[in-house]
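A short worksheet on the structure shown next.
The values are calculated or read from the model by the stated rules, or taken from the named source; none is laboratory data. Bear in mind that the values here come from a model prediction, so they are computed numbers and not experimental data. Here Cβ is always computed from backbone atoms with ideal geometry, including for glycine, and neighbour counts include all displayed protein chains. In case anyone asks, the SASA skips ligands and DNA or RNA and just uses the protein heavy atoms, side chains included. Shrake-Rupley method; radii C 1.70, N 1.55, O 1.52, S 1.80 Å.
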Number of protein chains: 2
Amino acid sequence: MKISELSRATGVPVASIKYFRREGLLPAGKATAATLAEYGERHVQRLRLIKALTTLGGLSIATTREVLTAVDQAQTSDGALGAISYALPVPVTASPAGDAEEEAKADTAAEAEVAELIEAMDWWTPASSPHVQGLAAALKELRRVDAGYEPGELAAYAELARSVARLDLERAAAFEDRVALAERAVILLALSSPVLELLRRLAQENEVRRRTGRREPDDA
Amino acid sequence: MKISELSRATGVPVASIKYFRREGLLPAGKATAATLAEYGERHVQRLRLIKALTTLGGLSIATTREVLTAVDQAQTSDGALGAISYALPVPVTASPAGDAEEEAKADTAAEAEVAELIEAMDWWTPASSPHVQGLAAALKELRRVDAGYEPGELAAYAELARSVARLDLERAAAFEDRVALAERAVILLALSSPVLELLRRLAQENEVRRRTGRREPDDA
(Lines give C-alpha, C1' and ligand atoms only; values in the text may rest on other atoms or scores of the structure.)
Protein backbone atom coordinates (compact mmCIF):
# COMPACT_ATOMS: atom_id res chain seq x y z
CA MET A 1 0.00 0.00 0.00
CA LYS A 2 1.01 3.64 -0.49
CA ILE A 3 1.84 5.97 2.41
CA SER A 4 -1.60 7.60 2.05
CA GLU A 5 -3.27 4.20 2.43
CA LEU A 6 -1.03 3.40 5.40
CA SER A 7 -2.20 6.66 6.95
CA ARG A 8 -5.85 5.78 6.40
CA ALA A 9 -5.43 2.23 7.74
CA THR A 10 -3.86 3.44 11.00
CA GLY A 11 -5.31 6.91 11.49
CA VAL A 12 -1.77 8.31 11.71
CA PRO A 13 -1.23 11.46 9.56
CA VAL A 14 1.27 11.15 6.67
CA ALA A 15 3.52 13.81 8.23
CA SER A 16 3.73 11.76 11.46
CA ILE A 17 4.52 8.59 9.51
CA LYS A 18 7.42 10.41 7.84
CA TYR A 19 8.57 11.70 11.22
CA PHE A 20 8.54 8.22 12.76
CA ARG A 21 10.49 6.95 9.73
CA ARG A 22 13.12 9.69 10.10
CA GLU A 23 13.41 8.92 13.82
CA GLY A 24 14.07 5.29 12.95
CA LEU A 25 10.95 3.97 14.71
CA LEU A 26 9.36 2.69 11.50
CA PRO A 27 11.30 0.69 8.90
CA ALA A 28 11.35 2.12 5.37
CA GLY A 29 8.86 0.77 2.82
CA LYS A 30 9.96 -1.16 -0.27
CA ALA A 31 11.06 1.45 -2.82
CA THR A 32 9.03 1.07 -6.03
CA ALA A 33 10.18 4.32 -7.65
CA ALA A 34 12.38 7.30 -6.75
CA THR A 35 9.64 8.93 -4.63
CA LEU A 36 7.30 5.99 -3.98
CA ALA A 37 7.47 3.21 -1.43
CA GLU A 38 5.25 0.22 -0.81
CA TYR A 39 4.15 -0.55 2.77
CA GLY A 40 2.80 -3.80 4.14
CA GLU A 41 0.86 -5.31 7.05
CA ARG A 42 4.03 -5.25 9.16
CA HIS A 43 4.11 -1.44 8.87
CA VAL A 44 0.46 -1.19 9.89
CA GLN A 45 1.13 -3.22 13.05
CA ARG A 46 4.28 -1.31 13.91
CA LEU A 47 2.57 2.03 13.40
CA ARG A 48 -0.36 1.04 15.60
CA LEU A 49 2.12 0.07 18.29
CA ILE A 50 4.03 3.38 17.99
CA LYS A 51 0.74 5.26 18.19
CA ALA A 52 -0.34 3.28 21.26
CA LEU A 53 2.96 3.84 23.05
CA THR A 54 3.23 7.55 22.30
CA THR A 55 -0.41 8.51 22.86
CA LEU A 56 -1.92 6.02 25.36
CA GLY A 57 1.40 5.14 26.97
CA GLY A 58 2.55 8.75 27.01
CA LEU A 59 6.11 7.68 26.16
CA SER A 60 8.72 9.99 24.65
CA ILE A 61 10.22 9.21 21.23
CA ALA A 62 13.46 8.14 22.95
CA THR A 63 11.69 5.69 25.30
CA THR A 64 9.54 4.44 22.43
CA ARG A 65 12.73 3.68 20.48
CA GLU A 66 14.13 1.72 23.45
CA VAL A 67 10.92 -0.27 23.78
CA LEU A 68 10.81 -1.06 20.06
CA THR A 69 14.42 -2.22 20.17
CA ALA A 70 13.51 -4.52 23.04
CA VAL A 71 10.51 -5.74 21.03
CA ASP A 72 12.65 -6.53 17.99
CA GLN A 73 15.33 -8.31 19.99
CA ALA A 74 12.80 -10.20 22.07
CA GLN A 75 11.17 -11.81 19.08
CA THR A 76 14.07 -14.23 18.86
CA SER A 77 14.29 -14.90 22.61
CA ASP A 78 12.22 -16.44 25.38
CA GLY A 79 12.29 -13.50 27.69
CA ALA A 80 10.10 -11.17 25.63
CA LEU A 81 7.97 -9.88 28.47
CA GLY A 82 10.97 -9.52 30.77
CA ALA A 83 13.10 -7.55 28.33
CA ILE A 84 10.27 -5.21 27.41
CA SER A 85 9.29 -4.74 31.03
CA TYR A 86 12.80 -3.46 31.77
CA ALA A 87 12.48 -0.88 28.98
CA LEU A 88 9.11 0.42 30.18
CA PRO A 89 9.40 2.64 33.24
CA VAL A 90 6.99 2.73 36.18
CA PRO A 91 7.07 6.36 37.29
CA VAL A 92 7.92 6.91 40.96
CA THR A 93 8.00 10.56 41.99
CA ALA A 94 10.66 11.29 44.57
CA SER A 95 10.51 14.11 47.08
CA PRO A 96 13.43 16.54 47.20
CA ALA A 97 16.18 14.87 49.22
CA GLY A 98 16.60 15.97 52.83
CA ASP A 99 19.51 15.41 55.19
CA ALA A 100 22.08 13.15 53.43
CA GLU A 101 22.62 10.81 56.39
CA GLU A 102 18.86 10.37 56.92
CA GLU A 103 18.38 9.70 53.20
CA ALA A 104 21.08 7.03 53.17
CA LYS A 105 19.46 5.34 56.17
CA ALA A 106 16.04 5.45 54.50
CA ASP A 107 17.51 4.00 51.28
CA THR A 108 19.13 1.13 53.12
CA ALA A 109 15.93 0.37 55.05
CA ALA A 110 13.80 0.38 51.88
CA GLU A 111 16.25 -1.83 49.99
CA ALA A 112 16.29 -4.31 52.87
CA GLU A 113 12.49 -4.30 52.93
CA VAL A 114 12.37 -5.22 49.23
CA ALA A 115 15.11 -7.86 49.55
CA GLU A 116 13.21 -9.50 52.43
CA LEU A 117 10.00 -9.51 50.45
CA ILE A 118 11.64 -11.09 47.41
CA GLU A 119 13.19 -13.77 49.55
CA ALA A 120 9.91 -14.46 51.36
CA MET A 121 8.09 -14.73 48.00
CA ASP A 122 10.92 -16.78 46.49
CA TRP A 123 10.83 -14.53 43.44
CA TRP A 124 13.53 -14.97 40.81
CA THR A 125 14.09 -11.26 40.43
CA PRO A 126 17.73 -10.06 40.53
CA ALA A 127 18.69 -7.03 42.63
CA SER A 128 19.71 -5.36 39.36
CA SER A 129 16.11 -5.33 38.10
CA PRO A 130 14.87 -1.74 37.65
CA HIS A 131 11.63 -2.80 39.33
CA VAL A 132 13.47 -3.84 42.49
CA GLN A 133 15.00 -0.39 42.62
CA GLY A 134 11.68 1.25 41.75
CA LEU A 135 9.86 -0.57 44.51
CA ALA A 136 12.48 0.47 47.08
CA ALA A 137 12.09 4.10 45.95
CA ALA A 138 8.29 3.92 46.19
CA LEU A 139 8.36 2.35 49.66
CA LYS A 140 10.83 4.96 50.86
CA GLU A 141 8.49 7.77 49.76
CA LEU A 142 5.55 6.15 51.54
CA ARG A 143 7.56 5.80 54.76
CA ARG A 144 8.41 9.48 54.48
CA VAL A 145 4.71 10.34 54.82
CA ASP A 146 4.36 7.75 57.56
CA ALA A 147 2.40 5.35 55.32
CA GLY A 148 4.83 2.46 55.07
CA TYR A 149 3.73 -1.16 54.75
CA GLU A 150 4.14 -3.78 57.42
CA PRO A 151 6.11 -6.77 56.06
CA GLY A 152 3.00 -8.98 56.28
CA GLU A 153 0.88 -6.44 54.42
CA LEU A 154 3.39 -6.17 51.62
CA ALA A 155 3.51 -9.95 51.28
CA ALA A 156 -0.28 -10.10 51.03
CA TYR A 157 -0.26 -7.58 48.19
CA ALA A 158 2.62 -9.46 46.55
CA GLU A 159 0.59 -12.69 46.62
CA LEU A 160 -2.22 -10.94 44.74
CA ALA A 161 0.31 -9.43 42.32
CA ARG A 162 1.49 -12.96 41.58
CA SER A 163 -2.06 -13.97 40.65
CA VAL A 164 -2.41 -10.87 38.45
CA ALA A 165 0.91 -11.69 36.73
CA ARG A 166 -0.30 -15.20 35.95
CA LEU A 167 -3.43 -13.80 34.32
CA ASP A 168 -1.21 -11.35 32.41
CA LEU A 169 0.94 -14.15 31.04
CA GLU A 170 -2.09 -16.20 30.05
CA ARG A 171 -3.44 -13.16 28.23
CA ALA A 172 -0.14 -12.56 26.45
CA ALA A 173 0.03 -16.20 25.38
CA ALA A 174 -3.52 -16.13 24.01
CA PHE A 175 -2.49 -13.36 21.62
CA GLU A 176 0.42 -15.29 20.17
CA ASP A 177 -1.20 -16.61 16.99
CA ARG A 178 -2.51 -13.23 15.92
CA VAL A 179 0.35 -10.78 16.07
CA ALA A 180 3.81 -10.89 17.55
CA LEU A 181 3.73 -11.73 21.25
CA ALA A 182 6.26 -9.02 21.97
CA GLU A 183 3.98 -6.32 20.63
CA ARG A 184 1.11 -7.61 22.74
CA ALA A 185 3.38 -7.67 25.76
CA VAL A 186 4.08 -3.97 25.38
CA ILE A 187 0.40 -3.12 25.25
CA LEU A 188 -0.24 -5.42 28.19
CA LEU A 189 2.44 -3.74 30.28
CA ALA A 190 2.18 -0.13 29.25
CA LEU A 191 -1.49 0.25 28.66
CA SER A 192 -3.35 -2.03 31.04
CA SER A 193 -2.32 -0.49 34.35
CA PRO A 194 -5.13 2.13 34.34
CA VAL A 195 -7.60 -0.76 33.96
CA LEU A 196 -6.17 -2.49 37.04
CA GLU A 197 -6.18 0.76 39.02
CA LEU A 198 -9.77 1.52 38.02
CA LEU A 199 -10.91 -2.00 38.96
CA ARG A 200 -9.27 -1.46 42.35
CA ARG A 201 -11.07 1.86 42.80
CA LEU A 202 -14.41 0.30 41.88
CA ALA A 203 -13.80 -2.61 44.22
CA GLN A 204 -12.92 -0.17 47.02
CA GLU A 205 -16.09 1.77 46.34
CA ASN A 206 -18.13 -1.44 46.47
CA GLU A 207 -16.58 -2.45 49.81
CA VAL A 208 -17.20 0.99 51.32
CA ARG A 209 -20.80 1.11 50.10
CA ARG A 210 -21.52 -2.38 51.43
CA ARG A 211 -20.01 -1.63 54.83
CA THR A 212 -22.00 1.56 55.16
CA GLY A 213 -25.13 0.10 53.55
CA ARG A 214 -25.35 2.92 51.01
CA ARG A 215 -25.96 1.50 47.60
CA GLU A 216 -27.11 4.71 45.89
CA PRO A 217 -24.97 7.74 44.93
CA ASP A 218 -24.61 10.33 47.69
CA ASP A 219 -26.35 13.64 47.35
CA ALA A 220 -23.23 15.41 48.56
CA MET B 1 5.13 26.72 66.90
CA LYS B 2 6.28 29.57 64.64
CA ILE B 3 6.20 29.36 60.85
CA SER B 4 9.97 28.72 60.81
CA GLU B 5 9.48 25.74 63.15
CA LEU B 6 6.59 24.47 61.04
CA SER B 7 8.92 24.63 58.05
CA ARG B 8 11.61 22.64 59.86
CA ALA B 9 9.12 20.04 61.10
CA THR B 10 7.76 19.35 57.62
CA GLY B 11 10.65 20.16 55.31
CA VAL B 12 8.41 22.62 53.44
CA PRO B 13 10.07 26.03 52.80
CA VAL B 14 8.46 29.06 54.51
CA ALA B 15 7.65 30.63 51.12
CA SER B 16 5.72 27.49 50.09
CA ILE B 17 3.83 27.45 53.40
CA LYS B 18 2.76 31.05 52.74
CA TYR B 19 1.75 30.11 49.19
CA PHE B 20 -0.38 27.18 50.39
CA ARG B 21 -2.00 29.50 52.95
CA ARG B 22 -2.83 32.11 50.31
CA GLU B 23 -4.25 29.38 48.06
CA GLY B 24 -6.51 28.30 50.92
CA LEU B 25 -4.99 24.83 51.24
CA LEU B 26 -3.66 25.42 54.74
CA PRO B 27 -5.75 27.04 57.49
CA ALA B 28 -4.31 30.17 59.07
CA GLY B 29 -2.43 29.84 62.34
CA LYS B 30 -3.69 31.39 65.58
CA ALA B 31 -2.68 35.08 65.47
CA THR B 32 -0.53 35.95 68.49
CA ALA B 33 0.54 39.41 67.26
CA ALA B 34 0.09 41.56 64.16
CA THR B 35 2.75 39.63 62.20
CA LEU B 36 3.02 36.39 64.18
CA ALA B 37 0.90 33.24 64.13
CA GLU B 38 1.06 30.08 66.15
CA TYR B 39 0.81 26.74 64.32
CA GLY B 40 -0.05 23.36 65.78
CA GLU B 41 0.14 19.61 65.11
CA ARG B 42 -2.90 19.89 62.83
CA HIS B 43 -0.92 22.21 60.54
CA VAL B 44 2.01 19.79 60.46
CA GLN B 45 -0.27 16.95 59.36
CA ARG B 46 -2.07 19.04 56.78
CA LEU B 47 1.20 20.32 55.36
CA ARG B 48 2.64 16.81 55.07
CA LEU B 49 -0.49 15.78 53.22
CA ILE B 50 -0.28 18.76 50.83
CA LYS B 51 3.38 17.96 50.19
CA ALA B 52 2.58 14.30 49.52
CA LEU B 53 -0.24 15.12 47.13
CA THR B 54 1.63 17.78 45.17
CA THR B 55 5.03 16.07 44.95
CA LEU B 56 4.43 12.29 45.14
CA GLY B 57 0.89 12.43 43.81
CA GLY B 58 1.81 14.98 41.15
CA LEU B 59 -1.52 16.78 41.67
CA SER B 60 -2.15 20.39 40.65
CA ILE B 61 -3.06 23.00 43.26
CA ALA B 62 -6.67 22.93 42.01
CA THR B 63 -6.99 19.13 42.33
CA THR B 64 -5.22 19.24 45.71
CA ARG B 65 -7.83 21.76 46.87
CA GLU B 66 -10.65 19.45 45.73
CA VAL B 67 -9.10 16.49 47.51
CA LEU B 68 -8.61 18.47 50.73
CA THR B 69 -12.24 19.61 50.60
CA ALA B 70 -13.29 15.97 50.26
CA VAL B 71 -10.99 15.09 53.19
CA ASP B 72 -12.53 17.79 55.39
CA GLN B 73 -16.09 16.85 54.51
CA ALA B 74 -15.42 13.14 54.84
CA GLN B 75 -14.23 13.43 58.40
CA THR B 76 -17.82 13.76 59.50
CA SER B 77 -19.18 10.99 57.26
CA ASP B 78 -18.82 7.24 56.78
CA GLY B 79 -17.91 7.36 53.14
CA ALA B 80 -14.43 8.86 53.57
CA LEU B 81 -12.62 6.60 51.15
CA GLY B 82 -15.41 6.82 48.59
CA ALA B 83 -15.65 10.60 48.61
CA ILE B 84 -11.90 11.05 48.33
CA SER B 85 -11.63 8.42 45.64
CA TYR B 86 -14.04 10.44 43.49
CA ALA B 87 -11.85 13.52 43.86
CA LEU B 88 -8.64 11.72 42.89
CA PRO B 89 -8.43 11.07 39.17
CA VAL B 90 -7.02 7.95 37.51
CA PRO B 91 -5.44 9.26 34.30
CA VAL B 92 -6.68 7.56 31.11
CA THR B 93 -5.10 8.94 27.95
CA ALA B 94 -7.51 9.00 25.04
CA SER B 95 -6.50 8.83 21.39
CA PRO B 96 -7.70 11.61 19.10
CA ALA B 97 -11.27 10.77 18.13
CA GLY B 98 -11.82 9.22 14.71
CA ASP B 99 -15.04 8.85 12.76
CA ALA B 100 -17.95 10.08 14.92
CA GLU B 101 -20.24 7.13 14.21
CA GLU B 102 -17.47 4.59 14.95
CA GLU B 103 -16.60 6.43 18.17
CA ALA B 104 -20.21 6.39 19.36
CA LYS B 105 -20.39 2.64 18.67
CA ALA B 106 -17.12 2.03 20.54
CA ASP B 107 -18.37 4.12 23.50
CA THR B 108 -21.60 2.15 23.70
CA ALA B 109 -19.77 -1.18 23.51
CA ALA B 110 -17.30 -0.19 26.25
CA GLU B 111 -20.05 1.10 28.53
CA ALA B 112 -22.00 -2.13 28.08
CA GLU B 113 -18.84 -4.12 28.88
CA VAL B 114 -18.42 -2.25 32.18
CA ALA B 115 -22.11 -2.51 33.07
CA GLU B 116 -22.01 -6.28 32.49
CA LEU B 117 -18.91 -6.64 34.64
CA ILE B 118 -20.43 -4.66 37.50
CA GLU B 119 -23.57 -6.76 37.37
CA ALA B 120 -21.59 -10.02 37.25
CA MET B 121 -19.49 -8.89 40.24
CA ASP B 122 -22.57 -7.57 42.06
CA TRP B 123 -20.67 -4.36 42.81
CA TRP B 124 -22.53 -1.48 44.41
CA THR B 125 -21.03 1.11 42.10
CA PRO B 126 -23.44 3.55 40.45
CA ALA B 127 -23.13 4.33 36.74
CA SER B 128 -22.42 7.94 37.76
CA SER B 129 -19.13 6.93 39.44
CA PRO B 130 -16.17 8.58 37.68
CA HIS B 131 -14.39 5.22 37.87
CA VAL B 132 -17.15 3.50 35.89
CA GLN B 133 -16.67 6.11 33.18
CA GLY B 134 -12.88 5.89 33.45
CA LEU B 135 -12.91 2.12 33.07
CA ALA B 136 -15.11 2.36 29.96
CA ALA B 137 -12.67 4.89 28.47
CA ALA B 138 -9.65 2.68 29.24
CA LEU B 139 -11.29 -0.43 27.76
CA LYS B 140 -12.25 1.48 24.64
CA GLU B 141 -8.64 2.55 24.09
CA LEU B 142 -7.41 -1.03 24.52
CA ARG B 143 -9.97 -2.30 21.99
CA ARG B 144 -8.72 0.34 19.60
CA VAL B 145 -5.28 -1.32 19.58
CA ASP B 146 -6.93 -4.73 19.40
CA ALA B 147 -6.04 -5.57 23.01
CA GLY B 148 -9.49 -5.76 24.55
CA TYR B 149 -10.36 -8.10 27.40
CA GLU B 150 -12.63 -11.09 27.13
CA PRO B 151 -15.51 -10.83 29.66
CA GLY B 152 -14.10 -13.79 31.62
CA GLU B 153 -10.64 -12.25 31.74
CA LEU B 154 -11.96 -8.96 33.03
CA ALA B 155 -13.94 -10.76 35.74
CA ALA B 156 -10.82 -12.64 36.85
CA TYR B 157 -8.92 -9.36 37.24
CA ALA B 158 -11.92 -7.84 39.01
CA GLU B 159 -11.91 -10.70 41.55
CA LEU B 160 -8.27 -9.95 42.36
CA ALA B 161 -9.06 -6.22 42.55
CA ARG B 162 -11.69 -7.09 45.16
CA SER B 163 -9.06 -8.84 47.27
CA VAL B 164 -6.71 -5.87 46.89
CA ALA B 165 -9.49 -3.47 47.93
CA ARG B 166 -10.15 -5.52 51.07
CA LEU B 167 -6.47 -5.29 52.00
CA ASP B 168 -6.62 -1.55 51.29
CA LEU B 169 -9.55 -1.05 53.66
CA GLU B 170 -7.88 -3.10 56.39
CA ARG B 171 -4.79 -0.92 55.99
CA ALA B 172 -6.83 2.27 56.15
CA ALA B 173 -8.63 1.06 59.28
CA ALA B 174 -5.36 0.20 61.00
CA PHE B 175 -4.28 3.83 60.65
CA GLU B 176 -7.37 5.25 62.30
CA ASP B 177 -6.05 5.75 65.81
CA ARG B 178 -2.98 7.65 64.69
CA VAL B 179 -4.12 10.39 62.36
CA ALA B 180 -7.34 11.14 60.57
CA LEU B 181 -8.50 8.18 58.47
CA ALA B 182 -9.35 10.51 55.62
CA GLU B 183 -5.76 11.67 55.31
CA ARG B 184 -4.51 8.09 55.27
CA ALA B 185 -7.09 7.25 52.65
CA VAL B 186 -5.68 9.88 50.33
CA ILE B 187 -2.16 8.55 50.67
CA LEU B 188 -3.45 5.02 50.21
CA LEU B 189 -5.27 5.93 47.02
CA ALA B 190 -2.97 8.46 45.43
CA LEU B 191 0.40 7.16 46.40
CA SER B 192 0.24 3.39 46.60
CA SER B 193 -0.55 2.58 42.98
CA PRO B 194 3.13 2.60 41.89
CA VAL B 195 3.78 -0.01 44.60
CA LEU B 196 1.04 -2.25 43.20
CA GLU B 197 2.28 -1.77 39.63
CA LEU B 198 5.87 -2.55 40.65
CA LEU B 199 4.80 -5.68 42.53
CA ARG B 200 2.98 -6.78 39.38
CA ARG B 201 6.08 -6.17 37.26
CA LEU B 202 8.25 -8.13 39.67
CA ALA B 203 5.74 -10.97 39.77
CA GLN B 204 5.65 -11.02 35.96
CA GLU B 205 9.43 -11.13 35.86
CA ASN B 206 9.44 -14.02 38.32
CA GLU B 207 6.90 -15.97 36.24
CA VAL B 208 8.84 -15.40 33.02
CA ARG B 209 12.16 -16.39 34.60
CA ARG B 210 10.67 -19.54 36.10
CA ARG B 211 9.06 -20.58 32.84
CA THR B 212 12.28 -20.07 30.92
CA GLY B 213 14.48 -21.44 33.72
CA ARG B 214 16.65 -18.33 33.73
CA ARG B 215 17.20 -17.18 37.26
CA GLU B 216 20.15 -14.87 36.62
CA PRO B 217 20.12 -11.48 34.85
CA ASP B 218 20.52 -11.68 31.07
CA ASP B 219 23.73 -10.52 29.48
CA ALA B 220 21.75 -8.76 26.75
Assume the label is 7 Å from Cα along Cα to beta carbon: what separations in nm does A:A127 have to the matching positions in the other copies? 5.5
Listed highest first by mean packing, meaning other Cβ atoms within 10 Å per residue, what order do B:131-139, A:127-135 come in? B:131-139, A:127-135
Note: B:122-131 gets an average of partner chain Cβ contacts (10 Å, Cβ to Cβ) equal to 6
For chain B the mean separation of alpha carbon contacts under 8 Å (6+ apart) over residue count, i.e. relative contact order in percent, is 18 percent
What size of dipole, in debye to the nearest 20, comes out for the range A:56-212 about its Cα centre when the only charges are +1 on Lys and Arg C-beta atoms and -1 on Asp and Glu C-beta atoms? 760 debye
For B:H131, the net charge from surrounding residues (Cβ-Cβ under 11 Å; K, R +1; D, E -1) works out to 0
If Lys and Arg each add +1 and Asp and Glu each add -1, what is the summed charge of the other residues whose beta carbon sits under 11 Å from the beta carbon of B:I61? 0
For chain B, find the longest principal axis of its Cα atoms and tell me its angle to the long axis of helix B:61-74, 0 to 90°, nearest 10. 80 degrees
The range B:1-92 - charge dipole about Cα centre, Lys and Arg +1 at Cβ, Asp and Glu -1, debye rounded to 20: 360 debye
Helix axis angle, A:130-144 relative to chain A longest principal axis, alpha carbon, degrees: 40 degrees
Among chain B residues, which Cβ is nearest the axis of the B-onto-A rotation, and at how many Å? B:L160, 3
Residue by residue, what Karplus-based ³J(HN,Hα) values in Hz, rounded to whole numbers, does the range B:199-204 have, using 6.51, -1.76 and 1.60 with θ = phi - 60° and x for Gly and Pro? 4, 5, 4, 5, 5, 4
Exposed loop sites here are trypsin sites (Lys or Arg not before Pro) in DSSP loop states with at most 15 other C-beta atoms within 10 Å. What is the longest stretch of chain B lacking them? B:3-177
Which aspartates and glutamates, if any, have their Cα less than 16 Å from the Cα of A:K18, not counting same-chain residues under 8 positions apart? A:E5, A:E38
Hey, for A:E103 with labels 7 Å out along Cα-Cβ, what do the inter-copy distances come to in nm, ordered shortest first? 4.6
For the protein assembly as shown, calculated [θ]222 nm from helices alone, where every DSSP H run of n ≥ 4 adds -39500 (n - 2.57): -21000 deg cm²/dmol
Rank these by accessible area, largest first, 1.4 Å probe: A:T35, A:T10. A:T35, A:T10
Per-residue mean of other chain beta-carbon atoms within 10 angstrom of the beta-carbon, peptide A:145-156? 4
Treating the point 7 Å from Cα along Cα-beta-carbon as the label, what are the nm separations from B:A62 to the other copies, to one decimal? 3.0
Charge dipole of chain B about the Cα centre (unit charges at C-beta), most positive-ward option of B:A106, B:G57, B:G82: B:G57
Given points 7 Å out from each Cα along the Cα-Cβ axis, report the B:E119 to A:K2 separation in nanometres with one decimal. 4.8 nm
